[in-house]
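Taking it in order: structure first as C-alpha coordinates, then the write-up.
The values are calculated or read from the model by the stated rules, or taken from the named source; none is laboratory data. Only a predicted model underlies this, so the values are computations on that prediction, with no experimental measurement involved. Quick reminder, even Gly has a Cβ in these numbers, built from the backbone with ideal geometry, and neighbours come from all protein chains shown. Heavy atoms of the whole protein, side chains included, go into the accessibility calculation; ligands, DNA and RNA do not. Shrake-Rupley method; radii C 1.70, N 1.55, O 1.52, S 1.80 Å.
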Amino acid sequence: MDYAILTGFVLVTGVVLALVAQWRDWRPSPVLVLVVGIVFRVLIMVLAAMSRWQPVDFMESFKPAGEAILRRQDPVIGSEGGWHFLPTIPYVYGLLLWLGIPWEIGGRLVTVVADIALIPLVGKLAGGGKASLRAFQYACNPLAILVASIHGQVEPVALLFGVAAFVVARGPGDPERPGLRIDVFALARERVAALGLGGAVRSLTAPGGALAPGGSVRTALAPRDGDSAVMRRAIIAGLLMGLALCAKSWPIWLIPGMLLLLPTFRSRLAAFVATAVPPIFFLATLPVFAGTSLDQLPEVIRVMGDVRPIVGEWGYSAILVGGDWTLHSGIATFGTRLIYLTMLVVAFLWRRADPIDLTTALLLAFMVTTPRLGAQYLLWFMPFLVARPTRFAWPAIIGVSLWAGCGYLYLTQFDTDTWWAMHSIWSRASIVLLPILVMAMPWARRVSKASDPLSPTAPAAA
(Lines give C-alpha, C1' and ligand atoms only; values in the text may rest on other atoms or scores of the structure.)
Protein backbone atom coordinates (compact mmCIF):
# COMPACT_ATOMS: atom_id res chain seq x y z
CA MET A 1 0.00 0.00 0.00
CA ASP A 2 1.35 3.45 -0.99
CA TYR A 3 0.26 5.26 2.19
CA ALA A 4 1.21 2.63 4.74
CA ILE A 5 3.06 4.97 7.14
CA LEU A 6 0.24 7.51 7.32
CA THR A 7 -2.36 4.74 7.61
CA GLY A 8 -0.38 3.04 10.35
CA PHE A 9 -0.10 6.33 12.25
CA VAL A 10 -3.87 6.80 12.11
CA LEU A 11 -4.48 3.24 13.33
CA VAL A 12 -2.01 3.60 16.22
CA THR A 13 -3.70 6.87 17.16
CA GLY A 14 -7.00 5.01 17.33
CA VAL A 15 -5.55 2.36 19.64
CA VAL A 16 -4.05 5.01 21.94
CA LEU A 17 -7.35 6.89 22.10
CA ALA A 18 -9.25 3.69 22.89
CA LEU A 19 -6.84 2.73 25.70
CA VAL A 20 -6.78 6.26 27.16
CA ALA A 21 -10.58 6.27 27.06
CA GLN A 22 -10.57 3.04 29.05
CA TRP A 23 -8.04 4.41 31.55
CA ARG A 24 -9.79 7.75 31.98
CA ASP A 25 -13.28 6.23 31.78
CA TRP A 26 -14.37 8.67 29.09
CA ARG A 27 -18.06 8.97 28.26
CA PRO A 28 -17.99 10.97 24.98
CA SER A 29 -21.18 12.27 23.40
CA PRO A 30 -22.79 10.25 20.57
CA VAL A 31 -21.96 13.05 18.12
CA LEU A 32 -18.26 13.00 19.05
CA VAL A 33 -18.17 9.20 18.79
CA LEU A 34 -19.63 9.28 15.28
CA VAL A 35 -17.34 12.11 14.17
CA VAL A 36 -14.26 10.17 15.29
CA GLY A 37 -15.49 7.01 13.58
CA ILE A 38 -16.34 8.81 10.34
CA VAL A 39 -13.02 10.70 10.19
CA PHE A 40 -10.93 7.58 10.71
CA ARG A 41 -12.83 5.47 8.19
CA VAL A 42 -13.26 8.06 5.45
CA LEU A 43 -9.61 9.17 5.67
CA ILE A 44 -8.30 5.61 5.32
CA MET A 45 -10.84 4.86 2.56
CA VAL A 46 -9.56 7.82 0.51
CA LEU A 47 -5.94 6.78 1.04
CA ALA A 48 -6.76 3.20 0.02
CA ALA A 49 -8.63 4.37 -3.09
CA MET A 50 -5.64 6.48 -4.15
CA SER A 51 -3.19 3.59 -3.73
CA ARG A 52 -1.83 1.66 -6.69
CA TRP A 53 -2.25 -1.54 -4.69
CA GLN A 54 -5.78 -2.88 -4.38
CA PRO A 55 -6.87 -6.14 -2.68
CA VAL A 56 -7.13 -9.01 -5.15
CA ASP A 57 -10.64 -10.13 -4.16
CA PHE A 58 -11.84 -6.52 -4.08
CA MET A 59 -10.89 -6.12 -7.75
CA GLU A 60 -11.32 -9.66 -9.09
CA SER A 61 -14.36 -10.92 -7.17
CA PHE A 62 -16.39 -8.04 -5.76
CA LYS A 63 -16.23 -5.75 -8.78
CA PRO A 64 -17.09 -8.49 -11.32
CA ALA A 65 -20.11 -9.42 -9.18
CA GLY A 66 -21.42 -5.86 -9.44
CA GLU A 67 -20.66 -5.75 -13.17
CA ALA A 68 -22.53 -9.04 -13.64
CA ILE A 69 -25.66 -7.46 -12.14
CA LEU A 70 -25.37 -4.57 -14.62
CA ARG A 71 -25.30 -7.15 -17.43
CA ARG A 72 -28.22 -9.06 -15.85
CA GLN A 73 -25.98 -12.07 -15.24
CA ASP A 74 -25.89 -14.26 -12.18
CA PRO A 75 -23.12 -12.95 -9.85
CA VAL A 76 -22.43 -16.46 -8.55
CA ILE A 77 -21.96 -18.37 -11.80
CA GLY A 78 -21.99 -15.51 -14.29
CA SER A 79 -19.19 -13.24 -13.05
CA GLU A 80 -15.51 -13.64 -13.90
CA GLY A 81 -14.26 -13.76 -10.34
CA GLY A 82 -17.14 -15.68 -8.83
CA TRP A 83 -19.32 -14.60 -5.94
CA HIS A 84 -20.15 -17.28 -3.37
CA PHE A 85 -22.97 -15.58 -1.50
CA LEU A 86 -26.48 -14.30 -2.08
CA PRO A 87 -26.84 -11.40 -4.55
CA THR A 88 -27.73 -8.77 -1.93
CA ILE A 89 -24.36 -6.99 -1.89
CA PRO A 90 -23.79 -7.30 -5.67
CA TYR A 91 -27.10 -5.47 -6.16
CA VAL A 92 -25.64 -2.54 -4.21
CA TYR A 93 -22.33 -2.80 -6.11
CA GLY A 94 -24.24 -2.73 -9.37
CA LEU A 95 -26.18 0.36 -8.31
CA LEU A 96 -23.01 2.23 -7.34
CA LEU A 97 -21.32 1.30 -10.62
CA TRP A 98 -24.43 2.39 -12.53
CA LEU A 99 -24.26 5.77 -10.74
CA GLY A 100 -20.73 6.17 -12.09
CA ILE A 101 -18.94 6.21 -8.73
CA PRO A 102 -15.34 5.04 -9.18
CA TRP A 103 -15.04 1.45 -7.97
CA GLU A 104 -12.11 2.20 -5.64
CA ILE A 105 -14.47 4.47 -3.67
CA GLY A 106 -17.87 2.91 -4.40
CA GLY A 107 -16.82 -0.64 -3.50
CA ARG A 108 -15.59 0.53 -0.11
CA LEU A 109 -18.49 2.90 0.47
CA VAL A 110 -20.74 -0.08 1.23
CA THR A 111 -18.56 -1.36 4.06
CA VAL A 112 -17.54 2.04 5.44
CA VAL A 113 -21.15 3.19 5.78
CA ALA A 114 -22.08 -0.13 7.41
CA ASP A 115 -19.20 0.08 9.87
CA ILE A 116 -20.08 3.67 10.81
CA ALA A 117 -23.70 2.59 11.45
CA LEU A 118 -22.35 -0.26 13.58
CA ILE A 119 -20.62 2.13 16.00
CA PRO A 120 -23.73 3.24 17.95
CA LEU A 121 -25.06 -0.32 17.86
CA VAL A 122 -21.99 -1.50 19.77
CA GLY A 123 -22.91 1.04 22.43
CA LYS A 124 -26.47 -0.28 22.46
CA LEU A 125 -25.13 -3.82 22.74
CA ALA A 126 -23.00 -2.82 25.73
CA GLY A 127 -25.80 -0.88 27.43
CA GLY A 128 -25.50 0.71 30.84
CA GLY A 129 -23.28 3.59 31.82
CA LYS A 130 -20.35 2.54 29.64
CA ALA A 131 -22.32 2.42 26.37
CA SER A 132 -20.70 5.57 24.94
CA LEU A 133 -17.23 4.39 25.99
CA ARG A 134 -17.67 1.07 24.16
CA ALA A 135 -19.04 2.81 21.08
CA PHE A 136 -16.03 5.15 21.10
CA GLN A 137 -13.64 2.23 21.42
CA TYR A 138 -15.22 0.52 18.42
CA ALA A 139 -15.02 3.81 16.49
CA CYS A 140 -11.25 3.69 17.10
CA ASN A 141 -10.89 -0.05 16.44
CA PRO A 142 -7.97 -0.56 14.02
CA LEU A 143 -9.12 -3.91 12.65
CA ALA A 144 -12.57 -2.56 11.82
CA ILE A 145 -10.94 0.34 9.95
CA LEU A 146 -8.62 -2.00 8.05
CA VAL A 147 -11.40 -4.35 6.97
CA ALA A 148 -13.97 -1.69 6.07
CA SER A 149 -11.77 1.05 4.60
CA ILE A 150 -8.90 -0.86 2.97
CA HIS A 151 -10.07 -4.36 2.18
CA GLY A 152 -13.72 -3.50 1.49
CA GLN A 153 -14.74 -6.93 2.80
CA VAL A 154 -18.44 -7.17 3.65
CA GLU A 155 -18.04 -8.32 7.26
CA PRO A 156 -19.22 -4.92 8.55
CA VAL A 157 -22.48 -5.33 6.63
CA ALA A 158 -23.12 -8.74 8.15
CA LEU A 159 -22.22 -7.43 11.61
CA LEU A 160 -24.43 -4.36 11.22
CA PHE A 161 -27.53 -6.51 10.79
CA GLY A 162 -26.36 -9.21 13.20
CA VAL A 163 -25.67 -6.82 16.09
CA ALA A 164 -28.92 -4.96 15.33
CA ALA A 165 -30.73 -8.30 15.66
CA PHE A 166 -29.19 -8.76 19.13
CA VAL A 167 -30.18 -5.26 20.22
CA VAL A 168 -33.77 -5.70 19.03
CA ALA A 169 -34.10 -9.20 20.50
CA ARG A 170 -32.92 -8.03 23.91
CA GLY A 171 -35.43 -5.18 23.89
CA PRO A 172 -35.44 -2.01 25.98
CA GLY A 173 -34.05 -1.66 29.46
CA ASP A 174 -30.76 -2.18 31.24
CA PRO A 175 -29.04 -5.38 30.06
CA GLU A 176 -27.80 -5.95 33.59
CA ARG A 177 -31.41 -5.97 34.84
CA PRO A 178 -33.18 -8.25 32.39
CA GLY A 179 -36.68 -7.61 33.57
CA LEU A 180 -39.61 -9.38 35.10
CA ARG A 181 -38.06 -12.75 35.82
CA ILE A 182 -35.43 -11.36 38.18
CA ASP A 183 -37.81 -8.85 39.76
CA VAL A 184 -40.43 -11.54 40.48
CA PHE A 185 -37.97 -13.95 42.07
CA ALA A 186 -36.26 -11.25 44.08
CA LEU A 187 -39.63 -10.07 45.35
CA ALA A 188 -40.72 -13.62 46.18
CA ARG A 189 -37.42 -14.22 47.97
CA GLU A 190 -37.92 -11.15 50.12
CA ARG A 191 -41.48 -12.13 51.05
CA VAL A 192 -40.56 -15.74 51.88
CA ALA A 193 -37.50 -14.67 53.85
CA ALA A 194 -39.75 -12.39 55.89
CA LEU A 195 -41.85 -15.45 56.76
CA GLY A 196 -38.78 -17.52 57.71
CA LEU A 197 -39.21 -19.96 54.83
CA GLY A 198 -35.83 -19.51 53.14
CA GLY A 199 -35.14 -23.26 52.89
CA ALA A 200 -38.45 -23.90 51.18
CA VAL A 201 -37.92 -21.29 48.52
CA ARG A 202 -34.47 -22.66 47.72
CA SER A 203 -35.96 -26.07 46.94
CA LEU A 204 -38.82 -24.59 44.93
CA THR A 205 -36.55 -22.42 42.81
CA ALA A 206 -33.97 -25.13 42.20
CA PRO A 207 -33.85 -26.57 38.66
CA GLY A 208 -37.06 -28.48 38.15
CA GLY A 209 -38.73 -26.75 41.07
CA ALA A 210 -42.18 -25.22 40.84
CA LEU A 211 -40.77 -21.71 40.89
CA ALA A 212 -37.79 -22.40 38.62
CA PRO A 213 -36.99 -19.73 36.03
CA GLY A 214 -39.20 -20.24 33.02
CA GLY A 215 -41.76 -22.17 35.05
CA SER A 216 -45.49 -21.67 35.37
CA VAL A 217 -45.25 -18.88 37.95
CA ARG A 218 -43.21 -16.73 35.58
CA THR A 219 -45.75 -17.33 32.83
CA ALA A 220 -48.65 -16.48 35.09
CA LEU A 221 -47.06 -13.28 36.32
CA ALA A 222 -45.80 -12.10 32.94
CA PRO A 223 -47.87 -9.26 31.53
CA ARG A 224 -50.05 -10.78 28.81
CA ASP A 225 -50.40 -7.44 27.05
CA GLY A 226 -46.65 -7.61 26.34
CA ASP A 227 -46.88 -10.76 24.23
CA SER A 228 -47.53 -8.91 20.98
CA ALA A 229 -44.59 -6.58 21.61
CA VAL A 230 -42.31 -9.54 22.24
CA MET A 231 -43.47 -11.23 19.03
CA ARG A 232 -42.85 -8.03 17.05
CA ARG A 233 -39.36 -7.87 18.50
CA ALA A 234 -38.78 -11.49 17.61
CA ILE A 235 -39.88 -11.09 14.00
CA ILE A 236 -37.85 -7.91 13.46
CA ALA A 237 -34.78 -9.50 15.06
CA GLY A 238 -35.18 -12.56 12.85
CA LEU A 239 -35.49 -10.46 9.71
CA LEU A 240 -32.37 -8.51 10.65
CA MET A 241 -30.44 -11.73 11.22
CA GLY A 242 -31.68 -12.96 7.87
CA LEU A 243 -30.24 -9.83 6.25
CA ALA A 244 -26.93 -10.59 7.96
CA LEU A 245 -27.00 -14.01 6.31
CA CYS A 246 -27.67 -12.31 2.97
CA ALA A 247 -24.27 -10.61 3.22
CA LYS A 248 -22.24 -13.66 4.30
CA SER A 249 -23.04 -17.17 5.50
CA TRP A 250 -21.00 -17.07 8.72
CA PRO A 251 -23.62 -15.15 10.82
CA ILE A 252 -25.25 -18.54 11.34
CA TRP A 253 -23.06 -18.63 14.47
CA LEU A 254 -24.91 -15.56 15.78
CA ILE A 255 -28.36 -17.16 15.64
CA PRO A 256 -28.18 -19.09 18.99
CA GLY A 257 -27.34 -15.93 20.94
CA MET A 258 -30.12 -13.95 19.29
CA LEU A 259 -32.69 -16.66 20.03
CA LEU A 260 -31.62 -16.93 23.66
CA LEU A 261 -32.19 -13.21 24.16
CA LEU A 262 -35.88 -13.75 23.47
CA PRO A 263 -38.00 -14.76 26.47
CA THR A 264 -40.36 -17.48 25.19
CA PHE A 265 -40.36 -20.52 22.94
CA ARG A 266 -42.96 -18.92 20.67
CA SER A 267 -40.89 -15.79 20.17
CA ARG A 268 -37.77 -17.83 19.45
CA LEU A 269 -39.62 -19.94 16.91
CA ALA A 270 -40.99 -16.81 15.24
CA ALA A 271 -37.48 -15.29 15.06
CA PHE A 272 -36.04 -18.50 13.66
CA VAL A 273 -38.64 -18.66 10.91
CA ALA A 274 -38.25 -14.94 10.14
CA THR A 275 -34.49 -15.44 9.74
CA ALA A 276 -35.12 -17.55 6.66
CA VAL A 277 -37.27 -14.95 4.89
CA PRO A 278 -34.60 -12.51 3.56
CA PRO A 279 -32.29 -15.23 2.16
CA ILE A 280 -35.21 -16.92 0.41
CA PHE A 281 -36.39 -13.57 -0.94
CA PHE A 282 -33.01 -12.60 -2.39
CA LEU A 283 -32.49 -16.08 -3.82
CA ALA A 284 -35.88 -15.75 -5.53
CA THR A 285 -34.88 -12.38 -7.04
CA LEU A 286 -32.07 -13.89 -9.11
CA PRO A 287 -34.33 -14.79 -12.07
CA VAL A 288 -35.83 -11.27 -11.97
CA PHE A 289 -32.76 -9.04 -11.53
CA ALA A 290 -29.86 -11.26 -12.58
CA GLY A 291 -31.36 -13.25 -15.42
CA THR A 292 -30.75 -16.57 -13.69
CA SER A 293 -32.83 -19.32 -15.21
CA LEU A 294 -34.78 -21.61 -12.91
CA ASP A 295 -32.75 -24.64 -13.95
CA GLN A 296 -29.57 -22.77 -12.90
CA LEU A 297 -30.75 -22.21 -9.32
CA PRO A 298 -29.59 -25.65 -8.06
CA GLU A 299 -26.10 -24.93 -9.39
CA VAL A 300 -26.13 -21.48 -7.81
CA ILE A 301 -27.08 -22.98 -4.45
CA ARG A 302 -24.36 -25.63 -4.81
CA VAL A 303 -21.67 -23.01 -5.53
CA MET A 304 -22.79 -20.85 -2.60
CA GLY A 305 -22.55 -23.86 -0.30
CA ASP A 306 -19.17 -24.96 -1.61
CA VAL A 307 -16.25 -24.14 0.68
CA ARG A 308 -12.89 -24.49 -1.01
CA PRO A 309 -10.32 -26.30 1.20
CA ILE A 310 -7.77 -23.45 1.17
CA VAL A 311 -5.51 -23.66 4.23
CA GLY A 312 -2.17 -22.24 5.27
CA GLU A 313 -3.09 -18.67 6.15
CA TRP A 314 -3.61 -18.99 9.89
CA GLY A 315 -2.89 -20.94 13.03
CA TYR A 316 -2.12 -24.64 13.05
CA SER A 317 -2.83 -25.11 9.33
CA ALA A 318 -0.11 -22.55 8.50
CA ILE A 319 2.34 -24.53 10.60
CA LEU A 320 1.36 -27.81 8.93
CA VAL A 321 1.81 -26.56 5.35
CA GLY A 322 4.71 -24.16 5.84
CA GLY A 323 2.73 -20.94 5.65
CA ASP A 324 1.64 -21.14 2.01
CA TRP A 325 -1.89 -21.22 0.64
CA THR A 326 -2.69 -24.83 -0.16
CA LEU A 327 -5.72 -26.80 -1.30
CA HIS A 328 -5.64 -29.57 1.31
CA SER A 329 -8.92 -31.41 1.79
CA GLY A 330 -7.52 -33.52 4.65
CA ILE A 331 -6.63 -30.56 6.86
CA ALA A 332 -9.80 -28.72 5.86
CA THR A 333 -11.99 -31.72 6.75
CA PHE A 334 -10.23 -32.24 10.08
CA GLY A 335 -10.56 -28.53 10.86
CA THR A 336 -14.26 -28.45 10.02
CA ARG A 337 -14.97 -31.38 12.31
CA LEU A 338 -12.85 -29.78 15.03
CA ILE A 339 -14.88 -26.56 14.70
CA TYR A 340 -18.21 -28.36 15.13
CA LEU A 341 -16.96 -30.37 18.11
CA THR A 342 -15.52 -27.24 19.73
CA MET A 343 -18.74 -25.31 19.18
CA LEU A 344 -20.70 -28.01 20.99
CA VAL A 345 -18.27 -27.98 23.92
CA VAL A 346 -18.32 -24.17 24.15
CA ALA A 347 -22.11 -24.07 23.90
CA PHE A 348 -22.29 -26.52 26.82
CA LEU A 349 -19.75 -24.64 28.96
CA TRP A 350 -21.47 -21.27 28.39
CA ARG A 351 -25.04 -22.62 28.41
CA ARG A 352 -25.92 -20.44 31.44
CA ALA A 353 -24.04 -17.37 30.28
CA ASP A 354 -25.40 -14.12 28.95
CA PRO A 355 -26.17 -14.75 25.24
CA ILE A 356 -23.67 -12.06 24.22
CA ASP A 357 -20.93 -13.80 26.20
CA LEU A 358 -21.96 -17.13 24.66
CA THR A 359 -21.64 -15.58 21.20
CA THR A 360 -18.24 -14.09 22.02
CA ALA A 361 -17.02 -17.47 23.24
CA LEU A 362 -18.30 -19.25 20.12
CA LEU A 363 -16.68 -16.79 17.73
CA LEU A 364 -13.34 -16.77 19.55
CA ALA A 365 -13.34 -20.57 19.67
CA PHE A 366 -13.98 -20.61 15.92
CA MET A 367 -10.89 -18.45 15.34
CA VAL A 368 -8.76 -20.82 17.39
CA THR A 369 -9.90 -24.01 15.65
CA THR A 370 -10.49 -22.94 12.05
CA PRO A 371 -8.00 -24.25 9.45
CA ARG A 372 -8.79 -21.45 6.97
CA LEU A 373 -9.06 -17.75 7.67
CA GLY A 374 -8.90 -14.38 5.99
CA ALA A 375 -7.88 -11.41 8.13
CA GLN A 376 -11.45 -10.10 7.87
CA TYR A 377 -12.71 -13.12 9.85
CA LEU A 378 -11.11 -11.63 12.94
CA LEU A 379 -13.69 -8.84 12.87
CA TRP A 380 -16.50 -11.30 13.63
CA PHE A 381 -16.07 -11.24 17.40
CA MET A 382 -14.93 -7.61 17.66
CA PRO A 383 -18.27 -5.81 18.37
CA PHE A 384 -19.18 -8.38 21.03
CA LEU A 385 -15.77 -8.34 22.73
CA VAL A 386 -15.63 -4.53 22.68
CA ALA A 387 -19.17 -4.27 24.07
CA ARG A 388 -18.49 -6.74 26.90
CA PRO A 389 -14.70 -6.83 27.32
CA THR A 390 -12.87 -9.50 29.25
CA ARG A 391 -9.56 -9.26 31.08
CA PHE A 392 -7.58 -10.15 27.97
CA ALA A 393 -9.83 -8.36 25.49
CA TRP A 394 -7.37 -5.62 24.59
CA PRO A 395 -4.33 -7.91 24.25
CA ALA A 396 -6.46 -9.90 21.79
CA ILE A 397 -7.70 -6.80 19.95
CA ILE A 398 -4.23 -5.30 19.64
CA GLY A 399 -2.68 -8.65 18.74
CA VAL A 400 -5.03 -9.48 15.86
CA SER A 401 -4.96 -5.86 14.65
CA LEU A 402 -1.16 -5.87 14.57
CA TRP A 403 -1.10 -9.19 12.70
CA ALA A 404 -3.71 -8.05 10.18
CA GLY A 405 -2.02 -4.66 9.82
CA CYS A 406 1.26 -6.34 8.89
CA GLY A 407 -0.58 -8.17 6.12
CA TYR A 408 -2.44 -5.14 4.81
CA LEU A 409 0.28 -2.50 5.18
CA TYR A 410 3.71 -4.14 5.35
CA LEU A 411 3.55 -7.19 3.09
CA THR A 412 1.98 -5.15 0.31
CA GLN A 413 5.20 -3.12 -0.03
CA PHE A 414 7.02 -5.99 -1.75
CA ASP A 415 7.08 -7.64 -5.15
CA THR A 416 5.32 -10.97 -5.68
CA ASP A 417 8.26 -13.27 -4.89
CA THR A 418 9.19 -11.35 -1.76
CA TRP A 419 5.53 -11.22 -0.75
CA TRP A 420 5.30 -15.01 -0.82
CA ALA A 421 8.45 -15.36 1.27
CA MET A 422 7.17 -12.84 3.81
CA HIS A 423 3.69 -14.39 3.78
CA SER A 424 5.14 -17.72 4.92
CA ILE A 425 6.58 -16.06 8.02
CA TRP A 426 3.54 -13.86 8.65
CA SER A 427 0.98 -16.64 8.44
CA ARG A 428 2.91 -18.97 10.74
CA ALA A 429 3.40 -16.14 13.25
CA SER A 430 -0.38 -16.17 13.79
CA ILE A 431 0.04 -19.25 15.99
CA VAL A 432 1.08 -16.98 18.90
CA LEU A 433 -2.36 -15.33 18.82
CA LEU A 434 -4.30 -18.53 19.50
CA PRO A 435 -3.61 -18.73 23.27
CA ILE A 436 -4.37 -15.00 23.59
CA LEU A 437 -7.75 -15.55 21.93
CA VAL A 438 -8.43 -18.44 24.29
CA MET A 439 -7.61 -16.24 27.29
CA ALA A 440 -9.86 -13.48 25.90
CA MET A 441 -12.91 -15.76 26.10
CA PRO A 442 -15.35 -14.75 28.89
CA TRP A 443 -14.28 -17.52 31.26
CA ALA A 444 -15.35 -15.58 34.36
CA ARG A 445 -18.86 -15.08 32.95
CA ARG A 446 -19.84 -18.65 32.09
CA VAL A 447 -22.81 -18.23 34.41
CA SER A 448 -24.85 -15.07 34.01
CA LYS A 449 -25.88 -13.25 37.17
CA ALA A 450 -29.37 -13.11 35.75
CA SER A 451 -29.54 -16.89 35.30
CA ASP A 452 -29.39 -17.60 39.04
CA PRO A 453 -32.04 -15.67 40.96
CA LEU A 454 -30.73 -16.98 44.29
CA SER A 455 -27.24 -15.64 43.67
CA PRO A 456 -26.34 -12.84 46.11
CA THR A 457 -24.92 -10.91 43.13
CA ALA A 458 -28.09 -11.16 41.06
CA PRO A 459 -29.85 -7.88 40.31
CA ALA A 460 -32.15 -6.79 43.09
CA ALA A 461 -35.83 -6.14 42.62
CA ALA A 462 -36.74 -2.69 41.37
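Points worth noting:
- Kirkwood radius for region 264-337, taken over all pairs of different Cα atoms as the inverse mean of 1/r, rounds to 15.7 Å.
- Spacing of the two label points (7 Å from each Cα toward its C-beta) at LEU43 and THR285, in nm: 3.6
- For region 287-440, fraction of C-alpha pairs farther apart than 21 Å, in %: 53
- Ordering 295-302, 431-438 by mean Cβ neighbour count within 10 Å, with the highest value first, yields 431-438, 295-302.
- Protection proxy ranking, highest mean first, for peptides 379-388, 273-282: 379-388, 273-282, where packing is the per-residue count of other beta-carbon atoms within 10 Å, averaged.
- Convex hull projection area averaged over all views, region 74-137, Cα basis, nm²: 5.7
- Magnitude of the charge dipole for region 261-396, about its Cα centre and with charges confined to Cβ atoms of Lys, Arg (+1) and Asp, Glu (-1), is about 540 debye.
- Nitroxide proxy distance, nm - points 7 Å out along Cα→Cβ at LEU327 and ALA421: 2.8
- In this structure, the residue pairs whose Cα-Cα separation is over 30 Å, taken from LYS124/LYS248; LYS63/LYS130; LYS124/LYS449, are LYS63/LYS130.
- If only the Cβ of Lys and Arg carry +1 and only the Cβ of Asp and Glu carry -1, the dipole of region 49-147 around its Cα centre is close to 400 debye.
- For the Cα trace of region 1-118, dividing Rg by the Kirkwood Rh returns an Rg/Rh value of 1.08.
- Per residue solvent-accessible surface (Å²) - region 5-133, probe of 1.4 Å: 46
- Efficiency of FRET from Cβ geometry, THR342 and MET59, R₀ 35 Å, rounded to 0.05: 0.50
- Using the Stokes-Einstein relation with a Kirkwood hydrodynamic radius computed over Cα pairs, the translational diffusion coefficient of region 214-360 at 20 °C and a viscosity of 1.002 mPa s comes to 116 µm²/s.
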